[in-house]
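Okay, so here's the structure we're looking at.
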Amino acid sequence: MNALAATNRNFKQASRLLGLDAKLEKSLLIPFREIKVECTIPKDDGTLASFIGFRVQHDNSRGPMKGGIRYHPEVDPDEVNALAQLMTWKTAVANIPYGGAKGGIGCNPSDLSASELERLTRVFTQRIHDLIGIHTDVPAPDMGTNSQTMAWILDEYSKFHGHSPAVVTGKPIDLGGSLGRDAATGRGVLFATEALLNEYGKTVSGQRFVIQGFGNVGSWAARLISELGGKVVAVSDISGAIKNKNGLDIDSLLKHVQENRGVKGFHDADAIDSNSILVEDCDVLIPAALGGVINRDNANEIKAKFIVEAANHPTDPEADEKGVIILPDIYANSGGVTVSYFEWVQNIQGFMWEEERVNNELKTYMTKGLKNVKEMCNTHNCDLRMGAFTLGLNRVARATVLRGWEA
C-alpha cells in the first residue's frame, strides 16, 4: 500500500472514531493549494535546462504550513500529497502551531554542480517567494537538500522581503539555525522510546535494539540509546547489515561509517543479510530508513516487542494487526519538526537558546505527546496509531470549525 493510500485509510478510520461529518471530512482532506512552476537555468556549459518545481500546501487552520523541500528525479505527486497531509497531522500531534506542506524540484542533485544547484534553488525561490513566508509556509530540508539549500532560499527570499531568517528552518547555525537541530529527529526517537518503555515499567538501559537505517536519524538514535545503556545488537544501511549479540560499540561504528561510507566491514560484528535485519531477535525495533518495509510478508516473523517508527510509513496497515506495540511515525519521528519550530521561535524572537534548553524543551514535548496519544487511545479504545491520528485530526478539526471553515 503506498503512502497516500495508507494515510487516507488512517484518516478515514480516525474520522469515523471522532464522528466527523462528511463535509468537514472533505474540507480537511483537500489541500489548501498546489503549486507547480517551471524553473529554467543556465548550466555550467552554457546550455539551458528546465526543471519542474512544486509545493503542496495542505492545511493552515492551526498556523503557517510546514514541510520539507526535496530534490529527487522521481517525484510522485501522490506521495507529496500524502507527506503534506501527514505533516498536518504530525504538527497537530506534536501540538506545535503549524499545518502541513511538502514540495521540491524534479532533478537529480548528483548530476548538478554546486553552482547549478544554487541557481536552481534561487530561481525556484523567485517563483514561489510570494506563496511562502514566515507566517504563511516555512520550508525545511528533505531528501537531496540540506542547510546550504536553506541558506540560498533565505538569501533569495530576503531580496524581496527584507532579512527573514524565520522563512526556513534547518539553516546553518551562522544564519540563525538552532543548536540541537541536527540530532533532533534521532533524539526525539530516543525520548519517544523512553516514554513508551516507561509505560511498561522499563527503561532504555538493558534493552536490546535493532536499527534499520544508519543515516542521520538512525545513527543519532543509536548513539543516544547507547549512551543511556541500551544495547544496539544490529544495524543496517545501504552498504549492508551487521550484528553483535553482545551489543555493538557505537562510537567505533560511527568512526568506521565515516571512513568507509557504510557499516559493511565493521571489525567487531558479523555480517548478516540486510533483508533479515527486521526479524532479528530484540526488544525494540527501530525502522529508520524506507517506507513499507514491515508488511504482511514479514510481520509474523518479527520478534521485537516494540516497534518505534523513525522512518515515514515503514509499516503497512496489514502489518499493524499482528500484536506488536507500534509507536507510529507521526508521533515517534516528530522531534525534527518540533526543533524546527523552536528554531522558528528563536528567529522571530531574535534570541537564540542554548542546546541544553532545546533538548529539555524537546523532551517535554515528546513526553507530553505520548501522554496525549494514550488519552485518545483510552477514549476511543484504539491502538497507538489510531490514538495519534485521532489526536491530530481532532485538533485540526476543532481549529477548522472554530474558524468557520468547515462549510
Q) Which of the residues spanning segment 106-129 are of a type outside the set (A, V, I, L, M), without any contact (Cβ under 8 Å) to a residue 60 or more places away in the chain, open to solvent by 20 Å² or more (accessible area, probe 1.4 Å) and over 26 Å from A3 (Cα atoms)? A) D111, E118, R122, Q126, H129
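Give G99, G103 a once-over and let me know the one that is over 17 Å from A399 (Cβ atoms), open to solvent by less than 60 Å² (accessible area, probe 1.4 Å) and in contact with a Phe, Trp or Tyr (Cβ under 9 Å, 6 or more places away or on another chain). Full working, then the answer.
Details: G99 fails: over 17 Å from A399 (Cβ atoms).
Step by step, each of G99, G103 is checked, and only G103 is over 17 Å from A399 (Cβ atoms), open to solvent by less than 60 Å² (accessible area, probe 1.4 Å) and in contact with a Phe, Trp or Tyr (Cβ under 9 Å, 6 or more places away or on another chain).
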**Q.** Whichever residue in segment 252-280 is in contact with a helix residue (DSSP H, G or I) (Cβ under 8 Å, 6 or more places away or on another chain) and over 30 Å from D297 (Cα atoms) and, among such residues, is surrounded by the fewest Cβ atoms within 10 Å (Cβ to Cβ)
**A.** H267
Q | Scan of segment 7-33 for residues that are touching a residue at least 40 places away in the same chain (Cβ under 8 Å), open to solvent by 80 Å² or more (accessible area, probe 1.4 Å) and of a type outside the set (K, R), ordered by number | A | F32
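Can I330 be described as over 19 Å from S178 (Cβ atoms), within 21 Å of the chain's Cα centre (by Cα) and open to solvent by 20 Å² or more (accessible area, probe 1.4 Å)? Please lay out each step first, then the result.
Numbers: over 19 Å from S178 (Cβ atoms): yes; within 21 Å of the chain's Cα centre (by Cα): yes; open to solvent by 20 Å² or more (accessible area, probe 1.4 Å): no.
Answer is no for this residue.
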Q. Out of the residues in segment 309-325 that are modelled with pLDDT of 75 or more and more than 20 Å from M87 (Cβ to Cβ), which is surrounded by the most Cβ atoms within 10 Å (Cβ to Cβ)?
A. D316
Q) If you check I348 against the conditions, is it touching a Leu at 6+ places or on another chain (Cβ under 9 Å), surrounded by fewer than 24 Cβ atoms within 10 Å (Cβ to Cβ) and either at pLDDT below 95 or within 22 Å of G63 (Cα to Cα) (or both)? A) no
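Can we say D59 is open to solvent by 60 Å² or more (accessible area, probe 1.4 Å), touching a Ser or Thr at 6+ places or on another chain (Cβ under 7 Å) and in contact (Cβ under 8 Å) with a residue 60 or more places away in the chain?
Working: open to solvent by 60 Å² or more (accessible area, probe 1.4 Å): no; touching a Ser or Thr at 6+ places or on another chain (Cβ under 7 Å): yes; in contact (Cβ under 8 Å) with a residue 60 or more places away in the chain: yes.
It is false that D59 is open to solvent by 60 Å² or more (accessible area, probe 1.4 Å), touching a Ser or Thr at 6+ places or on another chain (Cβ under 7 Å) and in contact (Cβ under 8 Å) with a residue 60 or more places away in the chain.
Based on what the data block shows, is L4 open to solvent by less than 10 Å² (accessible area, probe 1.4 Å), outside any loop (DSSP other than H, G, I, E, B) and touching a residue at least 24 places away in the same chain (Cβ under 8 Å)?
Spelling it out, it is not the case that L4 is open to solvent by less than 10 Å² (accessible area, probe 1.4 Å), outside any loop (DSSP other than H, G, I, E, B) and touching a residue at least 24 places away in the same chain (Cβ under 8 Å).
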Q.
Being without any contact (Cβ under 8 Å) to a residue 12 or more places away in the chain and either outside any helix (DSSP H, G or I) or basic (K, R) (or both) is the filter here; which residues of segment 230-264 pass it?
A. K255
Q. Of all the residues that make up segment 66-96, how many are over 21 Å from N394 (Cβ atoms) and among the polar types (S, T, N, Q)?
A. 1
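Of all residues in segment 130-158 being hydroxyl-bearing (S, T, Y) and farther than 21 Å from L83 by Cβ, which is surrounded by the fewest Cβ atoms within 10 Å (Cβ to Cβ)? Break it down stepwise before answering.
First, pick out the residues of segment 130-158 that are hydroxyl-bearing (S, T, Y): 136, 145, 147, 149, 157-158.
If we keep only those that are farther than 21 Å from L83 by Cβ as well, we get 157-158.
Working: Y157: 25, S158: 15.
Step by step, filter segment 130-158, then rank; the result is S158.
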Q: Tell me which residues, restricted to segment 208-231, are within 20 Å of S276 (Cα to Cα) and either out of contact with any Cys (no Cβ under 6 Å at 6 or more places or on another chain) or among the aromatic types (F, W, Y) (or both).
A: F209, I211, Q212, G213, F214, G215, G218, S219, A222, K231
Q | Residue identified as assigned to a strand (DSSP E or B) and charged (D, E, K, R) among K102, K159, K171 | A | K102
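The values are calculated or read from the model by the stated rules, or taken from the named source; none is laboratory data. Computed from a predicted model, the values in this text were never measured in an experiment. Cβ atoms come from the backbone with ideal geometry, glycine included; neighbour counts cover every protein chain shown. The protein model used for the area step is the full one, side chains on, heavy atoms only, and it has no ligands, DNA or RNA in it. Shrake-Rupley method; radii C 1.70, N 1.55, O 1.52, S 1.80 Å.
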